[in-house]
Amino acid sequence: MEPVRTCVGCRTRAPRSSLLRVVSIDSALVPDERASMPGRGAWVHETQECMDAAIRRRAFVRALRVSGPLDSQTLENRLNGYGNKVNGSK
C-alpha cells in the first residue's frame, strides 16, 4: 500500500508518487525530486492550477512553518519546463 499525501493547492488526497515534495531553503521554494531533503516538506500536484492556488492561499508558508514570503521562481521555472534536464534529472 502506497503512502497518501494531501496536495496543499487543491487539498485533495493522492498517492505520494503523483505529488511533488517542496521544501524551503533560504526563503526559496525548492522541488525535492527524490523526497529525501531534510526538513519539513509540502506536497503539491505538478499543475499550474495547484501551484497558483497554493501560492495565492499562502499554503506553502503554513505547511512549511516559515515566516515571511517565499520565492517561488525556482518552482515556477520547473513547472514551465526550465531545469528539467539539469544534472541528469528527469
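Can you find a residue that is surrounded by 14 or more Cβ atoms within 10 Å (Cβ to Cβ), of a type in the set (D, E) and in contact (Cβ under 8 Å) with a residue 40 or more places away in the chain anywhere in region 44-55?
Within region 44-55, one or more residues are surrounded by 14 or more Cβ atoms within 10 Å (Cβ to Cβ), of a type in the set (D, E) and in contact (Cβ under 8 Å) with a residue 40 or more places away in the chain.
Taking the criterion of being crowded, with 18+ Cβ neighbours inside 10 Å, out of contact with any Phe, Trp or Tyr (no Cβ under 8 Å at 6 or more places or on another chain) and modelled with pLDDT under 95, would at least one residue in region 79-88 satisfy it? Outline the logic, then answer.
Taking region 79-88 and keeping what is crowded, with 18+ Cβ neighbours inside 10 Å, we get 79.
After this cut, where a residue has to be out of contact with any Phe, Trp or Tyr (no Cβ under 8 Å at 6 or more places or on another chain) as well, the list is 79.
With modelled with pLDDT under 95 added as a condition, the list becomes 79.
Within region 79-88, one or more residues are crowded, with 18+ Cβ neighbours inside 10 Å, out of contact with any Phe, Trp or Tyr (no Cβ under 8 Å at 6 or more places or on another chain) and modelled with pLDDT under 95.
How many residues are loosely packed, with under 15 Cβ neighbours inside 10 Å and in contact with a Leu (Cβ under 9 Å, 6 or more places away or on another chain) when one looks only at region 8-34?
The number of residues fulfilling the criteria is 3.
One line per residue, one yes/no per condition, for (1) at pLDDT below 95; (2) on the phi > 0 side of the Ramachandran plot; (3) in contact with a helix residue (DSSP H, G or I) (Cβ under 8 Å, 6 or more places away or on another chain):
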{"residue": "T6", "(1), (2), (3)": "no, no, no"}
{"residue": "T12", "(1), (2), (3)": "no, no, no"}
{"residue": "P15", "(1), (2), (3)": "no, no, no"}
{"residue": "L19", "(1), (2), (3)": "no, no, no"}
{"residue": "E33", "(1), (2), (3)": "yes, no, no"}
{"residue": "F60", "(1), (2), (3)": "no, no, yes"}
{"residue": "D71", "(1), (2), (3)": "yes, no, no"}
{"residue": "E76", "(1), (2), (3)": "yes, no, yes"}
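Condition check ((1) closer than 16 Å to R78 by Cα; (2) assigned to a helix (DSSP H, G or I)) across all residues:
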{"residue": "G9", "(1), (2)": "no, no"}
{"residue": "V22", "(1), (2)": "yes, no"}
{"residue": "V30", "(1), (2)": "yes, no"}
{"residue": "S36", "(1), (2)": "no, no"}
{"residue": "C50", "(1), (2)": "yes, yes"}
{"residue": "A53", "(1), (2)": "no, yes"}
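Looking for whichever is among the basic types (K, R) and free of Cβ contacts under 8 Å to residues at least 24 places away in the same chain here; the options are R11, R78, R40. Which one fits?
Values: R78 fails: free of Cβ contacts under 8 Å to residues at least 24 places away in the same chain; R40 fails: free of Cβ contacts under 8 Å to residues at least 24 places away in the same chain.
One residue alone meets the criteria, R11.
The values are calculated or read from the model by the stated rules, or taken from the named source; none is laboratory data. This one's a predicted model, so the numbers in the text were calculated from it and none came from an experiment. All Cβ positions, glycine included, derive from the backbone under ideal geometry; neighbour counts span all protein chains shown.
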